[in-house]
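The values are calculated or read from the model by the stated rules, or taken from the named source; none is laboratory data. It should be emphasised that the depicted structure is a prediction, and the values quoted were computed from it without experimental measurement. Glycine gets a Cβ as well: all are built from the backbone with ideal geometry, and neighbour counts include every protein chain shown. Note: areas computed on protein heavy atoms with side chains; ligands, DNA, RNA excluded. Shrake-Rupley method; radii C 1.70, N 1.55, O 1.52, S 1.80 Å.
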Amino acid sequence: MEEIRVNIPQNEYSIYIGKNYLSSLPFHFLNYSSVFIITHPFLAWQYGEEVKEGLEKKNIKPNFIFVPSGEKSKSFKEFIRIHRTLAQANTDRRSVIVALGGGVIGDLAGFISATYLRGVDYVQIPTTLLSQVDSSIGGKVGINIPEGKNLVGAFYHPKAVFIDIKTLDTLPEREFKSGLAEVIKYGVILNKELFEFLDKNYEKILKRDEKFLTYIIKESILCKKYVVEKDEKERNLRMILNFGHTIGHAIEAKGRFNKFLHGEAVAIGMLLATKISYLLNYCSEDTYLRVKNLLLKFDFSLDFPYNFSSLLPYIMRDKKVLSKKIRFILPLRIGEVFINEEVPLDLVKEVIDKKEE
Ligand SMILES: NC(=O)c1ccc[n+]([C@@H]2O[C@H](COP(=O)([O-])OP(=O)(O)OC[C@H]3O[C@@H](n4cnc5c(N)ncnc54)[C@H](O)[C@@H]3O)[C@@H](O)[C@H]2O)c1
Ligand SMILES: [Zn+2]
């Protein structure tokens, strides 16, 4: 098992990466008065049983709290319901919450942990590739309101993150590839070796070979750790994690969050941001073609049925837009990006409306 230490002031914790260790999590659950596992019913059945058996061997009886699958669960309704469930069980501050699931469970359970009794400990067991390489690291937790996604939340770090790559065995192909888009993102923004590894080993990765998966997950975590340790609250450097997300979010939102998965939209966003960079002479055509070819190797569809004017309201609503100047994260070369606050809207229109030849 690999261990990565995250060092954020007042919040040091470990991320573990391994396979088949859900029944022997390296964590001192005995220090807590009770354990609450927040998860989806099918994940409880698929993986929660093992966690439970492991705890029962130590004479700890965990409680399960079930949440329906899907983004709609990141809501005040679920937030209140679970707070009340915890209160009715007389849960005190010596309890620990276990978030067993993807980004939805992690964001919701993490936010509940931040607010119940003004904060109880929690640990993450991320079960999607996206949550393993992205959402379980960095301490952003929260829920959605009708006005927008993730508008209510906190920075609240877990006490530990346990990644068991066995959980990826049951992940649907589309969800797996959606997570891969974020892995490709780390390669472009920070890690040339990871990019080259992806380029060379895409077949093994798509087959979910254990050794290859472990490598890309670990390298992705190291990238995110590097960024959030330097800039936890997204004042500057952390913005580079938004590479591909300005147009990506717009495509996701225009599709009402049910046509494109997050990573599918981000893949298109990364391609178009790299094209903008190339057209502004910040990167070479070769860099643009390498990004495009890697996305194609992983079989991302780079088509989308929207034009600039229909995406514009979503682009302008995006929080990365300051006073009508469009901020983009642009590649300089593979492994290096910079923040450009002044990308002309005309150019954004050109790359969106021209589509890919
Ligand atoms: N906090 C952050 O920094 C951060 C970063 C990125 C994304 N997010 C949030 O993460 C969420 C998306 O996360 P996600 O992509 O993991 O989505 P998700 O949690 O909805 O999981 C995707 C789907 O896979 C299912 N699933 C989960 N684990 C499974 C498994 N092992 N086997 C089979 N099916 C499984 C889920 O039930 C769901 O249907 C969004 O709400 C997004 O806002 C947060
Ligand atoms: Zn993302």
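Counting DSSP beta bridges in the chain, what percent are antiparallel, to the nearest 5?
Numbers: 20 of 43 bridges.
Around 45 percent of the beta bridges assigned by DSSP in the chain are antiparallel ones.
At a probe size of 1.4 Å, how large is the accessible area of LEU347, to the nearest 10 Å²?
Approximately 20 Å² for this residue.
Which of the trypsin sites (Lys or Arg not before Pro) found in the range 1-56 are in a DSSP loop and have at most 16 neighbouring Cβ atoms, other than their own, within 10 Å? All intermediate terms of the calculation are to be shown ahead of the outcome.
Details: sites: ARG5, LYS19, LYS52; in loops: LYS19.
Loop-located and lightly packed - LYS19.
Please sort 290-296, 302-308, 101-107 by packing, taking for each peptide the average over its residues of neighbouring beta carbons within 10 angstrom, highest first.
Details: 290-296: 18.6, 302-308: 14.4, 101-107: 26.6.
Highest to lowest by the protection proxy: 101-107, 290-296, 302-308.
What does the convex hull of the Cα atoms of the range 2-169 come to per residue, in Å³, rounded to a whole number?
Values: hull volume 17.6 nm³, N = 168.
For the range 2-169, the hull spanned by Cα atoms encloses 105 Å³ per residue.
Divide, for the range 204-260, the radius of gyration over alpha carbons by 2.2 N^0.38 Å, where N is the residue count. It would help to have the intermediate numbers written out before the result.
Working: Rg = 15.1 Å, N = 57, 2.2 N^0.38 = 10.2 Å.
In units of the 2.2 N^0.38 Å rule of thumb, it is 1.48.
Please identify the trypsin sites (Lys or Arg not before Pro) of the range 86-123 that satisfy two criteria: DSSP loop assignment and at most 13 other Cβ atoms within 10 Å. Which are they?
Here the sparse-neighbourhood loop sites are ARG93, ARG94.
When the helices in the chain are scored as -39500 (n - 2.57) per DSSP H run of 4 or longer and the sum is shared across all residues, what 222 nm value do you end up with, to the nearest 500 deg cm²/dmol?
Working: 11 runs with 150 residues, N = 357.
Calculated at 222 nm, the ellipticity per residue is -13500 deg cm²/dmol.
Rounded to the nearest 20 Debye, what is the dipole magnitude of the range 2-169 about its Cα centre when Lys and Arg each give +1 and Asp and Glu each give -1 at the C-beta?
On the way: 18 positive and 16 negative charges, 100 e Å.
The dipole of the range 2-169 has a size of about 480 debye.
Could you give the radius of gyration (one decimal) and Dmax (whole number) of the Cα atoms in the range 263-305, in Å?
10.1, 28
Which distance in Å, rounded to a whole number, links the C-alpha centroids of the range 118-149 and the range 254-281?
Going from one Cα centre to the other spans 23 Å.
Taking the Cα atoms only, what angle lies between the long axis of helix 262-279 and the longest principal axis of the chain, rounded to 10 degrees?
For helix 262-279, the angle is close to 30 degrees.
Out of the GluC sites (Glu not before Pro) in the range 138-236, which ones are loop residues according to DSSP with at most 15 other C-beta atoms within 10 Å? Can you show the working numbers first?
Working: sites: GLU147, GLU173, GLU175, GLU182, GLU193, GLU196, GLU203, GLU210, GLU219, GLU229, GLU232, GLU234; in loops: GLU147, GLU232, GLU234.
Here the sparse-neighbourhood loop sites are GLU147.
If N is the number of residues in the range 173-354, what value comes out of its Cα radius of gyration divided by 2.2 N^0.38 Å? Don't skip to the end; give the middle numbers.
Details: Rg = 15.4 Å, N = 182, 2.2 N^0.38 = 15.9 Å.
Rounded to two decimals, the normalised Rg is 0.97.
Just name one of ALA265, LEU117, ILE189: the one whose Cα is farthest towards the positive end of the charge dipole of the chain (beta-carbon charges, Lys/Arg +1, Asp/Glu -1).
LEU117
Considering all projection directions equally, how large on average is the shadow of the alpha-carbon convex hull of the chain, in square nanometres?
Details: hull surface 66.4 nm².
Taking the Cα atoms of the chain, their convex hull projects to 16.6 nm² on average.
Starting from the Cα of ILE8, step 7 Å along the direction of its Cβ; do the same at ASP231; then give the gap between the two resulting points in nm.
Between ILE8 and ASP231, the simple spin-label model gives 1.5 nm.
Keeping all protein chains in place and using 1.4 angstrom, which order do HIS28, HIS262, HIS157 fall into by accessible surface area, from largest down? Could the numbers behind the result be given before it?
Values: HIS28 130, HIS262 45, HIS157 15 Å².
Descending accessible area places them as HIS28, HIS262, HIS157.
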